[in-house]
1. Report relative contact order for the chain in percent, whole number only (criteria: Cα-Cα under 8 Å, sequence separation at least 6).
2. May I ask you to compute the full-extension gain from Arg66 to Phe8, defined as 0.36 nm times their residue separation minus their alpha-carbon distance, rounded to one decimal in nm?
3. Identify which of Val103, Val118, Val76 has the largest mean-square fluctuation in a Gaussian network model of the chain, with springs joining Cα atoms closer than 10 Å.
4. So how far apart, in nm, are the two label points at Lys98 and Thr149 if each is 7 Å from Cα heading toward Cβ?
5. Can you list the GluC sites (Glu not before Pro) in segment 59-102 that are in a DSSP coil and have 11 or fewer other beta carbons within 10 angstrom?
6. Roughly how big is segment 1-123's charge dipole about its Cα centre, with Cβ charges of +1 (Lys, Arg) and -1 (Asp, Glu), in debye to the nearest 20?
7. Order 122-130, 38-46 from most to least packed using the mean count of other Cβ atoms within 10 Å.
8. Tell me, what is the percent relative contact order of segment 1-95, built from C-alpha pairs under 8 Å that lie six or more residues apart?
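The values are calculated or read from the model by the stated rules, or taken from the named source; none is laboratory data. Owing to the predicted nature of the structure, the values given are computational and were not obtained by experimental measurement. Glycine gets a Cβ as well: all are built from the backbone with ideal geometry, and neighbour counts include every protein chain shown. Accessible surface is based on the protein model in full, side chains and every heavy atom, while ligands, DNA and RNA are left aside. Shrake-Rupley method; radii C 1.70, N 1.55, O 1.52, S 1.80 Å.
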Amino acid sequence: DKKLFYAFTKKVFAELREKKATTLLIDVRENGGGDDDMWKEGVLRYIADKPYQHTSTYIKKVIEGRQSASEKVGQVISGKMQNLEQPELDNPFHFSGKTYVLVGRTTYSSAILFSNTVQDFKFGMVVGATGYARARQSGGIQHFSLPHTKLSVVVPRFILDRPAG
């Protein structure tokens with residue numbers, strides 16, 4: 001429930017401000033991913049101190065419902081991310097203390113994008129288990145059943161490279 005999550009994170013950052021906290025530990029060790037807006041809206045709005053992006057380059061397949069005048073269904077498109085998200089430096093609950101993001105064996109997908117962004121833009125330090133997560137992530141998964149075998153297949157529609165490349 002995004003509304004509840006955003007209310008929760010706002011309350012947490014208000015409490016951090018009120019108690020004059022100097023260190024924040026964000027534990028994503030068992031976070032298997034989700035929607036990027038959850039960490040952008042729920043966390044980065046409070047800790048980002050410079051413009052950022054969650055990827056540098058991408059490869060995507062245009063699928064039905066995602067096409068446009070310039071992108072046709074079936075095309076595979078590579079590109080460079082041009083847009084930067086702007087920090088909310090005037091946010092009354094902006095946290096400027098030390099931030100650590102704790103990663104682990106099951107940190108995956110959007111949680112990796114979050115960790116990459118924090119590390120690449122120096123919003124904090126990423127700590128924890130190494131060698132498990134891939135910095136290059138996929139997303140926009142599509143589910144298919146193969147017609148003859150009925151096996152289920154899950155396929156991403158895009159691949160993202162970390163902000164630093």
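1. On the way: 299 pairs, mean separation 47.8, N = 165.
Rounded, it is 29 percent for the chain.
2. On the way: separation 58, 0.36 × 58 = 20.88 nm, distance 3.22 nm.
Using 0.36 nm per residue and subtracting the Cα-Cα distance, I get 17.7 nm.
3. Val76
4. Computed distance between label sites Lys98 and Thr149 equals 5.1 nm.
5. Answer in residue order: Glu64.
6. Numbers: 19 positive and 16 negative charges, 33 e Å.
Computed about the Cα centre, the dipole is about 160 debye.
7. Details: 122-130: 15.0, 38-46: 20.4.
Per-residue Cβ counts within 10 Å, averaged per peptide and sorted highest first, yield 38-46, 122-130.
8. On the way: 87 pairs, mean separation 33.2, N = 95.
35 percent.
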